[in-house]
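The values are calculated or read from the model by the stated rules, or taken from the named source; none is laboratory data. Fair warning: this is a prediction, and the values are worked out from it, not measured in the lab. Note that each Cβ is placed from the backbone with ideal geometry, even for glycine, and that neighbours are counted across all protein chains shown. Keep in mind that these areas ignore ligands, DNA and RNA; they rest on the heavy atoms of the full protein, side chains included. Shrake-Rupley method; radii C 1.70, N 1.55, O 1.52, S 1.80 Å.
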Amino acid sequence: MTSKRPPRLATWLLKHLGSGPSNDAVLGDLAERYVQKDSVMWYWRQTMKAIPVSFIRELQGVRIPIGRSLGIGFLALTVIAALLSNMDPFWKIGLAAVLGGVFVGVWMFWRSNMQRNLAVSNTLVDVRIDSSKIPVRGGWGAGILIFILLAGVLVELPELRLLAAMAILAGMAFGGILFLWRRYHA
Amino acid sequence: MRRGEYLGNFDLMLLLALMRLGDDAYGVTIAQEPETQTGREVVVASVYATLDRLQGRRLGDATPERGGRAKRYFRITGAGLREVHNARRSLVSLRTGLPELKGEKA
């Protein structure tokens, strides 16, 4: 007997990597058509194409922040390049901390601005910790950035591994707290 | 007409599909129409992306419906109908006077 349930991994990928208000409807439609077609390859093709389509669609809806995000990306690349150059270790850490903070600030501003522009309800983004006003997704993004920056530092400064490891663990704990907060207060 | 206001080929196909399907126009049925007519596989997500864009131009309208799953029904608006007729008129006008292609029926 042939299974009529669509491939789980493809569905999971589209559910978590796809975006936009139509993502649920796309998932439903693909499941319905999969029953008719019963082709795993067709389903994978559709989901793999749906992810970039939804991403581009979301970017098209927020034209101004694209320029800002490109600027942030350029800034991040500059930071990484600076970290990998022959700079004094003290300044490397200082630069990483300052620019990391600037990045997180700009990024959070961009996120809140984008939410206003989109005016689309998104529970994951809307959940915030009242005291700090840090969006959950922003927290994860900041955590990833800090992780990258610290990894850059670790390449040339093995003596700071303990400190960096503690910082990473603290970041992960913070991310975990945000996750649990969203889970039980959403 | 401002830049970005022209109907693309896919836009036109989807608007025509909405006209043909009437009340039964949702993702699956809409995607099937151009597939049947052109024989090419249509990406369901691009159908939604295009319909969302057309909705932004008020050429189409969507109704969220909650049944067993999220399903959005679409319909063409009056402005959409006018756009389809304008596109048809333009195509007919451009086609007029052209020599017949090999194997083409008049």
- Query: Do we have B:Thr50 as open to solvent by 60 Å² or more (accessible area, probe 1.4 Å) and free of Cβ contacts under 8 Å to residues at least 60 places away in the same chain here?
  - Reply: no
- Message: Step by step: first the residues of segment A:16-48, then only those that are at pLDDT 90 or above and over 19 Å from B:Thr29 (Cβ atoms), then the one that is farthest from the other protein chains (Cβ to nearest Cβ). Which residue is that?
- Response: A:Val40
- Any helices (runs of 4 or more DSSP H) falling wholly within segment B:7-106 and containing at least 2 residues that are of a type in the set (Val, Ile, Thr) and closer than 27 Å to A:Leu14 by Cα: B:27-38, B:44-56
- Query: Do we find that B:Arg95 is open to solvent by 30 Å² or more (accessible area, probe 1.4 Å) and either modelled with pLDDT of 90 or more or under 27 Å from A:Gly18 (Cα atoms) (or both) in this structure?
  - Reply: no
- Can you pull out the residues in segment A:4-26 that are in a helix (DSSP H, G or I) and either surrounded by fewer than 15 Cβ atoms within 10 Å (Cβ to Cβ) or within 21 Å of the chain's Cα centre (by Cα) (or both)? A:Arg8, A:Leu9, A:Ala10, A:Thr11, A:Trp12, A:Leu13, A:Leu14, A:Lys15, A:His16, A:Leu17, A:Asn23, A:Asp24
- Looking at this structure, is B:Glu35 facing chain A (nearest Cβ under 8 Å), surrounded by fewer than 17 Cβ atoms within 10 Å (Cβ to Cβ), of a type outside the set (Lys, Arg) and without any contact (Cβ under 8 Å) to a residue 24 or more places away in the chain? no
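Those residues that are within 14 Å of chain A (Cβ to nearest Cβ) and more than 12 Å from the chain's Cα centre (by Cα), I need them from segment B:69-88; list them, please. Talk me through it step by step, then tell me what you get.
Taking segment B:69-88 and keeping what is within 14 Å of chain A (Cβ to nearest Cβ), we get B:69-74.
Correct list: B:Arg69, B:Ala70, B:Lys71, B:Arg72, B:Tyr73.
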